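S.K.: Have a look at this one.
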Amino acid sequence: TTDARLRRTIVAHLLDLAALILGANKDTAEVAKNRGVRAARLFNIKTGIMADATNPELSLTSVAARNGISETYVRKLFEADGTTFTEFLLGQRLAKAYELLTAPAWLDHTIAAIANEAGFNDISYFNRTFRRAFNATPSDIRETIRRED
């Protein structure tokens with residue numbers, strides 16, 4: 001989960017800082033510095049993506065440009081974290097869609113409108129990825145929420 005990853009990142013940062021303060025050898029110091037910079041940069045990128053995930057124009061190119069780094073470097077940061085830019089962005093958009101589908105204020109909106117609001121341009125792609133992620137269709141989720149009311 002995101003919380004577990006965040007905890008691991010914080011622990012790694014603290015260990016890196018301790019190693020640097022206590023006088024790590026040259027190789028260890030270099031690893032600690034790079035890992036800290038990379039982790040901070042990835043955290044900043046992810047935070048930006050989470051804030052702008054519903055923007056259908058958000059792309060690897062725009063994120064790289066916004067952060068002043070290459071697309072290749074963005075890919076490598078996500079790869080080192082065990083995911084990809086596309087997977088992370090898709091996860092954010094799917095989470096937003098699920099949130100909207102289950103929100104009472106959005107029960108009268110169409111599924112297409114919710115998909116669009118979550119950043120999806122293609123309703124077929126949205127339906128396929130949603131079903132894969134939640135093992136249910138958006139209509140199934142909505143129907144479950146309506147029955148619970």
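The values are calculated or read from the model by the stated rules, or taken from the named source; none is laboratory data. Bear in mind the structure is a predicted one, so any value in this text is a computation, not a measurement. A quick note on method: Cβ atoms are made from the backbone with ideal geometry, for glycine too, and the neighbour counts reach across all protein chains shown. Surface accessibility is based on the protein's heavy atoms, side chains included, excluding ligands, DNA and RNA. Shrake-Rupley method; radii C 1.70, N 1.55, O 1.52, S 1.80 Å.
S.K.: Answer yes or no as to whether GLY82 is closer than 20 Å to ALA133 by Cα and at pLDDT below 95.
M.R.: Answer is yes for this residue.
S.K.: Would you mention how many residues in segment 70-102 are farther than 17 Å from ALA136 by Cβ, crowded, with 18+ Cβ neighbours inside 10 Å and over 16 Å from the mean Cα position of the chain (by Cα)?
M.R.: 0
S.K.: From the list ALA115, ALA105, which residue is among the small types (Gly, Ala, Ser), closer than 27 Å to THR47 by Cβ, part of a helix (DSSP H, G or I) and open to solvent by 70 Å² or more (accessible area, probe 1.4 Å)?
M.R.: ALA105
S.K.: Shifting gears a bit: Show the residue pairs meeting these rules: Cβ distance below 8 Å; 6+ apart or different chains; first residue within segment 43-68 and in contact (Cβ under 8 Å) with a residue 60 or more places away in the chain; second residue in a loop (DSSP other than H, G, I, E, B) and loosely packed, with under 12 Cβ neighbours inside 10 Å.
M.R.: PRO56/ASN121
S.K.: Something else now. Of all residues in segment 32-61 being over 14 Å from the mean Cα position of the chain (by Cα) and surrounded by fewer than 15 Cβ atoms within 10 Å (Cβ to Cβ), which is farthest from TYR125 (Cα to Cα)?
M.R.: LYS33
S.K.: Please name all residue pairs, on different chains or six or more residues apart, with Cβ atoms under 9 Å, provided the first residue is in segment 103-115 and is farther than 21 Å from PRO56 by Cα and the second residue is exposed (fewer than 13 other Cβ atoms within 10 Å of the Cβ).
M.R.: PRO104/ASP149; LEU107/ARG146; LEU107/ASP149
S.K.: Can you work out which of the residues in segment 118-149 that are of a type outside the set (D, E, K, R) and more than 25 Å from GLU87 (Cβ to Cβ) is surrounded by the most Cβ atoms within 10 Å (Cβ to Cβ)?
M.R.: Among residues in segment 118-149 that are of a type outside the set (D, E, K, R) and more than 25 Å from GLU87 (Cβ to Cβ), the one surrounded by the most Cβ atoms within 10 Å (Cβ to Cβ) is ILE145.
S.K.: Could you please tell me which pairs satisfy a Cβ distance under 7 Å, a separation of 6+ or placement on different chains, a first residue in segment 86-99 that is over 12 Å from THR54 (Cα atoms), and a second residue that is open to solvent by 50 Å² or more (accessible area, probe 1.4 Å)?
M.R.: Hits for this filter: TYR98/PHE134.
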